[in-house]
1. Run the accessible area of the chain with a 1.4 Å probe and give the carbon-and-sulfur part as a rounded percent.
2. What whole-number value in Å² describes the accessible area per residue of the chain for a 1.4 Å probe?
3. Given N residues in the chain, what is its alpha carbon radius of gyration divided by 2.2 N^0.38 Å?
4. Within the chain, what is the longest stretch that has no GluC sites (Glu not before Pro) placed in a DSSP loop and near at most 16 other beta-carbon atoms within 10 Å?
5. Using alpha carbons only, what's the Rg to Rh ratio of segment 1-139 with Rh from Kirkwood?
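The values are calculated or read from the model by the stated rules, or taken from the named source; none is laboratory data. The shown structure was predicted, so the numbers you read here are calculated from the model rather than taken from an experiment. Cβ sites come from the backbone with ideal geometry, for glycine too, and all protein chains shown count toward neighbours. Surface areas here come from the heavy atoms of the whole protein model, side chains and all, with no ligands, DNA or RNA. Shrake-Rupley method; radii C 1.70, N 1.55, O 1.52, S 1.80 Å.
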Amino acid sequence: MRSKLVAGNWKMHLSATEGVALANAVVSALGESADLDVVVCPPYLAIPAVKESVRNTPVKVGAQDVFWMEQGAFTGKVSAKMLSNLCIDYCIVGHSETRGRFGKLEVPASTVSHFAETDETVNLKIKALLYHAITPILCVGETQEERDAGKTVSVIQTQLEGALAGIDPAEMYGIVIAYEPVWAIGTGLTCASDEADRVCGLIRTRIAEAGSQDVADNIRILYGGSVKPDNARDLFSRPEIDGGLVGGASLEANGFSAIVAAAK
Ligand code: PGA
């Protein structure tokens, strides 16, 4: 039986002080007996303060990205070892924003390539995180053009193959996957729950082929893309959807708490 997981991706929002206030509010709303996993992913600079504020509570802390080398001349990068030193539990990898596959372009098109994470770098990041016992939250998903061209399944298959290349099936138990259709991220266009469930089921089938049926039965597959308090219960009630990766709605304590409650 897979337990549910709800993760809030704060993206480039909130100071350390604001993040601590939000995390404290999430902790209060969650109460002591959590029968699901709740994760907040603040910007790097807020991680230490937020981590300290949720110590001895059921709320876990994740990072939004990582660099795969341990240390070295890599200006601006943060390694899995550094996250591990802070006892960080989760880390998002392959988010469509870090892949440079923005749903709606809010940055100059000329800068998009600076984000361009590839399936190969996603794979390196997952390996670095697993080495340090940090759970990767691997994001996969198609753009609107890819969906319209009937390529949803093949795009996700390619992303999964690249991300999981060379990873031992026994290690796949330590990975969380998030199906995040790019066109649904930050747009208010939620994927219909039947369709999200279908794609999550296809991901699970692919994991059974790449790993084993037991891995597929145990790995948690989240849905992400405009998850809100009013659609969370429907999404999370689907058999293949084990929770959510929440962006915008995770920035407000009541809304995020309602989404968490919908997963209980
Ligand atoms: P959203 O973002 O909930 O704001 O659509 C989801 C995500 O980017 O993970």
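1. Working: 6270 of 11710 Å².
Carbon-and-sulfur percentage of accessible area, whole number: 54.
2. Values: 11710 Å² over 264 residues.
Heavy-atom SASA per residue in the chain reads 44 Å².
3. On the way: Rg = 17.0 Å, N = 264, 2.2 N^0.38 = 18.3 Å.
Against the compact-globule rule of thumb, the ratio is 0.93.
4. Working: sites that count: GLU32, GLU70, GLU106, GLU252.
Longest run free of exposed loop sites: 107-251.
5. Working: Rg = 15.4 Å, Rh = 15.8 Å.
For segment 1-139, the value is 0.98.
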